[in-house]
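Quick notes on the structure that follows.
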Amino acid sequence: MTTLAPPSRTATLRGHSVPLDLFIDGEWRAGDGDFAVYDPASGIEIARVADGTAADGKAALDAAAAAQAAWAAVPPRDRADLFSRAHRLLLERGDAIAEIMTLESGKPLAESRAEFQLSADFFLWYTEQIAHLHGSFAHGSRGGYRIVTTHQPVGPTLLITPWNFPLLMIARKAGAALAAGCTTVVKTARETPLTCALFVSVLTEAGFPPGVVNLVHTTSSSTISAEVMADPRLRKVSFTGSTEVGSTLLRQAAPGIVNASMELGGDGPFVVLDDADVEAAAAQAIVAKFRNAGQACVAANRIIVHEKVADAFIERFVALAKALRVGSGFEAGTDVGPIISARQRDGVADLVAEFERIDATLLAGGRAIDGDGYFFEPTVFEVHDRESDVCHRELFAPIAAIYRAESTADAIRFANDTRYGLAAYVFTRDLSRAFAVAERLDFGMVGINRGIMADPAAAFGGVKASGLGREGGQDGIYEFLEPKYLAVTVDEEGALS
Ligand code: NAD
């Protein structure tokens, strides 16, 4: 495989060299000027990254389209060997990647390390899948021919990722797309381009051929995506982000019937039944709510507790929330880092004000923390209203909203009363109830007695306004493959005469 040139421009951050340019057709390239990346824990600029234009987006697609046929033709074992090399290199860079992730996203270092490990596991999972992609064989229904089904890469792919899981989102998408034999144009989130750049530099060092992986940072996401999405050579878009932007991309995909996978917003209900282990439920609810300062698509957005255990649950949950340490992700003992930006932190304050205007009782937190960076206190409300708009919105913030339910049926009704359908959680000691409730929840994933469930072997994704398609598991790679049916004439009489 080709060995590629080193990055043209780098920044040294916390002792690690990080590429700042776009990566197109095997070369690091400047953009049209630069844009600033900030440390949300201090508000200070940490690097300036190349700003890609629509022309860069087109150049990236040119490269991906030119490389597609050769990449699809690489034998599975050779592709898997390349993946193994990249996986080993990734593991060597774990400390650097986790530190850069904390620097640009603010998340506590322990969370960055956990995200790094999960991302590497996803990459390994796809490595292992490459040599195990099988088709099928059947007889034609009335004889005379055979049905052979094979799977072929869908073609050049646009991968668009959000800032809240800067490595996991790209490792999960690029791992599946590249393993399936698709070439890629990666469009990073402007808040967190550096982690993604380190990931791409690992792939280039491992020897992925020019054009197979292309990386574009930009301040003009909509301009670039409109250009790339309108190009008939693009055959697939895989997006993770808000439902609103996902919906725009689906409209852009419609004219050219571009294949689309969408991982979108969530409004996760966290249901605690009357027989639950309250201590365990409260501890898991804290993780499911305050991980990544609440900025997670699978966050516990509405905590719905049976009234028989509500007092005990609320007392424990509030005590745990008050004990959370807010601070820089690099400080030992930090549980909750900053919000990603000043604008987003102001949005959190607006949400608190909305809860204060409805029938809700503030039990903890509620204020932005003065000083440098964009910190906000872990906040807890008990909400006595279910009708207000804020009770059905994705909060994406360190605000826990707890609701009481009068019965299991009432809890299920309220849990399903949302346009979203990503992750739900149910806590009960009764396995039969767990199944019965989980099967009635209109969500793509249900955590039973656990508040975290991402795993490479699991199909991650949502229903309704939370998305289309799955990432991970056996299904993830097939999102980037299309079945092809070959009808093969078998003239038995002729052949045997
Ligand atoms: P966002 O939709 O604003 O941005 C996501 C990405 O899309 C970024 O790279 C952004 O630059 C880009 N983008 C924005 N406008 C665009 C446009 N018009 N055309 C093309 N690209 C565009 O979302 P965000 O604020 O970065 O992330 C938060 C949202 O992502 C939340 O709703 C969250 O639930 C969701 N999310 C979902 C999952 C999942 O797996 N379902 C995972 C993480 C985040």
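The values are calculated or read from the model by the stated rules, or taken from the named source; none is laboratory data. On a predicted model such as this, the values are computed, not experimentally measured, just so you know. All Cβ positions, even for glycine, are placed from backbone atoms using ideal geometry, and neighbour counts span all protein chains on display. Surface accessibility is based on the protein's heavy atoms, side chains included, excluding ligands, DNA and RNA. Shrake-Rupley method; radii C 1.70, N 1.55, O 1.52, S 1.80 Å.
Residues that are more than 16 Å from the ligand (Cβ to nearest atom), assigned to a helix (DSSP H, G or I) and in contact with a Pro (Cβ under 8 Å, 6 or more places away or on another chain) do occur in segment 131-147, at least one of them.
In segment 464-491, of all residues being within 11 Å of the ligand (Cβ to nearest atom) and not in a strand (DSSP E or B), the one that is nearest to Ser119 (Cα to Cα) corresponds to Gly472.
Among the conditions (1) in contact (Cβ under 8 Å) with a residue 12 or more places away in the chain; (2) out of contact with any Lys or Arg (no Cβ under 8 Å at 6 or more places or on another chain); (3) more than 16 Å from Pro193 (Cβ to Cβ); (4) not in a helix (DSSP H, G or I), His151 misses just one, which is (2). Taking strands (runs of 3 or more DSSP E) as the structural unit, those lying wholly within segment 180-245 and holding at least 1 residues that are more than 18 Å from the chain's Cα centre (by Cα) and at negative phi correspond to 213-216. Within segment 100-107, one or more residues are part of a helix (DSSP H, G or I), buried (at least 23 other Cβ atoms within 10 Å of the Cβ) and out of contact with any Ser or Thr (no Cβ under 7 Å at 6 or more places or on another chain). Regarding Asp231, is this residue assigned by TED's automatic domain parsing to the domain that holds Ala436 and either surrounded by fewer than 22 Cβ atoms within 10 Å (Cβ to Cβ) or within 9 Å of the ligand (Cβ to nearest atom) (or both)? No: the conditions fail for Asp231. Among residues of segment 396-419 that are at pLDDT below 95, none has a beta-carbon under 9 Å from a residue that is surrounded by 15 or more Cβ atoms within 10 Å (Cβ to Cβ) at least six positions away or on a different chain.
Could you look through segment 171-221, keep only residues that are open to solvent by 10 Å² or more (accessible area, probe 1.4 Å) and touching a Lys or Arg at 6+ places or on another chain (Cβ under 9 Å), and pick out the one that is farthest from the ligand (Cβ to nearest atom)? This residue is Glu205. Among the residues making up segment 251-288, those that are within 11 Å of the ligand (Cβ to nearest atom), not polar (S, T, N, Q) and not in a loop (DSSP other than H, G, I, E, B) are Arg251, Met262, Glu263, Gly268. Here Gly451 passes the criteria (1) open to solvent by less than 40 Å² (accessible area, probe 1.4 Å); (2) in a helix (DSSP H, G or I); (3) closer than 25 Å to Phe313 by Cβ except the one numbered (2).
Just one of the listed residues (Val298, Val348) is open to solvent by less than 10 Å² (accessible area, probe 1.4 Å), within 16 Å of the ligand (Cβ to nearest atom) and either touching a Leu at 6+ places or on another chain (Cβ under 6 Å) or outside any strand (DSSP E or B) (or both), and it is Val348. With respect to the stated conditions, Glu439 is farther than 22 Å from Val287 by Cα, assigned by TED's automatic domain parsing to the domain that holds Ala342, within 25 Å of the chain's Cα centre (by Cα) and open to solvent by 40 Å² or more (accessible area, probe 1.4 Å). None of Gly57, Gly52 is in contact with a helix residue (DSSP H, G or I) (Cβ under 7 Å, 6 or more places away or on another chain), within 25 Å of Ala11 (Cα to Cα) and outside any helix (DSSP H, G or I) except Gly52. Gly246 meets all of the listed conditions (1) surrounded by 20 or more Cβ atoms within 10 Å (Cβ to Cβ); (2) of a type outside the set (Phe, Trp, Tyr); (3) more than 9 Å from the ligand (Cβ to nearest atom) but one, namely (3).
Close contacts from segment 205-223, counting a first residue that is modelled with pLDDT of 95 or more and acidic (Asp, Glu) and a second that is more than 15 Å from the ligand (Cβ to nearest atom) and outside any loop (DSSP other than H, G, I, E, B), with Cβ to Cβ under 9 Å and a gap of 6+ residues or different chains, come to Glu205/Arg85; Glu205/Ala86; Glu205/Leu89. Against the list (1) outside any loop (DSSP other than H, G, I, E, B); (2) among the hydrophobic types (A, V, I, L, M, F, W, C); (3) over 23 Å from Ala281 (Cα atoms), the condition Ile339 fails is (1).
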